[in-house]
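Step one of this worksheet: look at the structure below.
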Amino acid sequence: MIARLLTLIIKEFKAIWKDPRSRVIVTVMPLMQLIIFANAVTMEVKNIDMLVLDNSRSYYSRELISHFKNSPWFNSVEVIDNPQQLKDGIDTQQVSIALEIPPDFVTAIKNKTGASLQLITDGRQTNSAAIIGNYATQIIQNYTHDLTGNTAGVEIVTRNWFNVNLDYRYYSLVSLIALISMVIALLLTALSVAREKEVGTFEQLIVSPLSSAEILIGKAVPAQLLAWVMTMFMLAISVHFFDFPLVGSLFLFLTADFVALLALVGVGLFISSLCKTQQQAILGVFAFQMPAVLLSGFVSPIDNMPVILQYLTYLNPLRFFLVIAKGVLMKNMDTFYVLLNLIPLTLIAILTLSIAGWTFKSRLE
C-alpha cells in the first residue's frame, strides 16, 4: 500500500509541475501577490488633497492652514474663495476633505467662546473618510492647544502593543500569507481530479488496484506539501525583505498552518470531485474563496457581523487560522490560546476531509 501511495504521490507531483497552469499557481502567483498586495493592501491614508474655505482671512486662520500644510498626511492644501468651489471639489473627488473657517473665527478665539469649524469629507469612501476626519481633528485640537497654552489636565500617552509604529503592512503580510496559501491548496487540489478527467486518465485510476482512500491521499498530499512549503517561503520573504518582526513560535505557526491546509485540501477535493473540467473547478474555488475571505475577519471584525453570519464563521477554517497567525507571529500568543483555536480548526479539517472522501468514493462507484 505504501509503495502504491508513493508512486501516486510522485506521479501527482510530476503532473503538477508539467502543467503550466499549476506551475504558475505554485511559483509565480504567490510571490507576485505577496509583493504587490503587501504594498497595496493598506488602511493608511496619505497624500491627501484638501480645500479650505477661509472666511476669516486672519492670522489665526492662516496659522491653522499652515498646520495642515506642514502635516505629513496632506499633499496639497488649497485656499478657495467661494462655497461652490468647495462643493465641486468634493463632488468630482478632486479632494478628499474640505474645511470651512467661519468669519467670526478670530472673535471666538479671543473671547474664548469656542469657534465652530466645519469639516466635510467624502462619505462615498467610508473608511478613508473616517481616517482623514481623525487626522484633521487631531491637527485642529493640537492647534487649539497651542493657542490656549493650557498644559493642565490629563496628558494622554498612547503606546501601541505588538505593532509600535502602527505599520499596517505587518497586518497585511500575516493575512496575505494565510490567504495566498489557501488559494494554492484549493486550486491545486481542485484541479487535480478535474485534470485527470479532462485528459482521460481518470478511468485508469478507477480500474487500478488503488482504493478510493489511496487515490484521495495521493491527490491531497502533494497539494498540502506544496502549499505548506510556499507558506514557509512567503514568511521568509516577509521577514527578510519586509522586515516583519517575527516574535512567536515558528513551530506553532507551521503546525496550525498544516492543519488549516488540511481543511482547505478537503474543500478542494470536494470541489474537484464534483467538477468535470478544470474551468469548472476554478469557478468552484472562486465561489468558495470570496465568502471564506469575507467571513474570516480579514475585511471586517466578526463581532460587527450579523449574528447568523457570526455562527457561520465557525465553519470557516480561515477564521481560526488568522487568529493563530496574527497571535503567534505578532505577539507570541500563549500555547493554551493557540490550542483553543487549533481544536476547532482540527474538527473542520476532519469534517471537510470526511465529506470529500465520501463524495469522492460515491463518484468512483
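Key figures for this structure:
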| item | result |
| --- | --- |
| Within the stretch 88-103, tally of residues that are in contact (Cβ under 8 Å) with a residue 24 or more places away in the chain and in a loop (DSSP other than H, G, I, E, B) | 6 |
| Scan of the stretch 58-87 for residues that are under 22 Å from ARG124 (Cα atoms), in a helix (DSSP H, G or I), open to solvent by 20 Å² or more (accessible area, probe 1.4 Å) and touching a strand residue (DSSP E or B) at 6+ places or on another chain (Cβ under 9 Å), ordered by number | PRO83, GLN85, LYS87 |
| Selected residue (criterion: most open to solvent (accessible area, probe 1.4 Å)) from residues of the stretch 315-338 that are assigned to a loop (DSSP other than H, G, I, E, B) and in contact (Cβ under 8 Å) with a residue 40 or more places away in the chain | ASN332 |
| Residue identified as at negative phi, modelled with pLDDT under 90 and among the aliphatic types (A, V, I, L, M) among VAL229, VAL247 | VAL247 |
| Hey, ASN134 open to solvent by 60 Å² or more (accessible area, probe 1.4 Å), under 30 Å from SER300 (Cα atoms) and modelled with pLDDT under 85 or not | no |
| Residue within the stretch 43-57 that is part of a helix (DSSP H, G or I) and modelled with pLDDT of 80 or more present | no |
| Where ALA256 falls short, out of the listed (1) open to solvent by less than 20 Å² (accessible area, probe 1.4 Å); (2) within 20 Å of LEU345 (Cβ to Cβ); (3) of a type outside the set (Asp, Glu); (4) modelled with pLDDT under 90 | (4) |
| Where a residue in the stretch 1-19 is within 15 Å of ALA223 (Cα to Cα) and its partner, wherever it lies, is open to solvent by 90 Å² or more (accessible area, probe 1.4 Å) and at pLDDT 75 or above, with Cβ under 6 Å and at least six apart | none |
| Of the criteria (1) at pLDDT 75 or above; (2) in a loop (DSSP other than H, G, I, E, B); (3) open to solvent by 70 Å² or more (accessible area, probe 1.4 Å), which one GLY123 fails | (3) |
| All positions within the stretch 292-314 that are surrounded by 12 or more Cβ atoms within 10 Å (Cβ to Cβ) and assigned to a helix (DSSP H, G or I) | ALA292, VAL293, LEU294, ILE302, LEU309, GLN310, LEU312, THR313, TYR314 |
| Which listed residue is small (Gly, Ala, Ser), surrounded by fewer than 24 Cβ atoms within 10 Å (Cβ to Cβ) and either touching a strand residue (DSSP E or B) at 6+ places or on another chain (Cβ under 8 Å) or more than 24 Å from LEU31 (Cα to Cα) (or both), from ALA236, ALA213 | ALA213 |
| The stretch 1-42: number of residues that are modelled with pLDDT under 80, open to solvent by 60 Å² or more (accessible area, probe 1.4 Å) and touching a Pro at 6+ places or on another chain (Cβ under 8 Å) | 1 |
| Any hit, the stretch 261-281, residues being touching a Cys at 6+ places or on another chain (Cβ under 8 Å) and modelled with pLDDT under 90 | yes |
| Residue match in the stretch 180-190 (condition: within 27 Å of ALA3 (Cβ to Cβ) and touching a Leu at 6+ places or on another chain (Cβ under 6 Å)) | yes |
| Which listed residue, of ALA256, ALA227, ALA260, is part of a helix (DSSP H, G or I), of a type outside the set (Phe, Trp, Tyr) and farther than 16 Å from LEU339 by Cα | ALA227 |
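The values are calculated or read from the model by the stated rules, or taken from the named source; none is laboratory data. Keep in mind that what you see is a predicted model, and the values were worked out from it rather than measured. We place every Cβ from the backbone using ideal geometry, glycine too, and count neighbours over all the protein chains shown. These area figures cover heavy atoms from the full protein model, side chains too; ligands, DNA and RNA do not enter into them. Shrake-Rupley method; radii C 1.70, N 1.55, O 1.52, S 1.80 Å.
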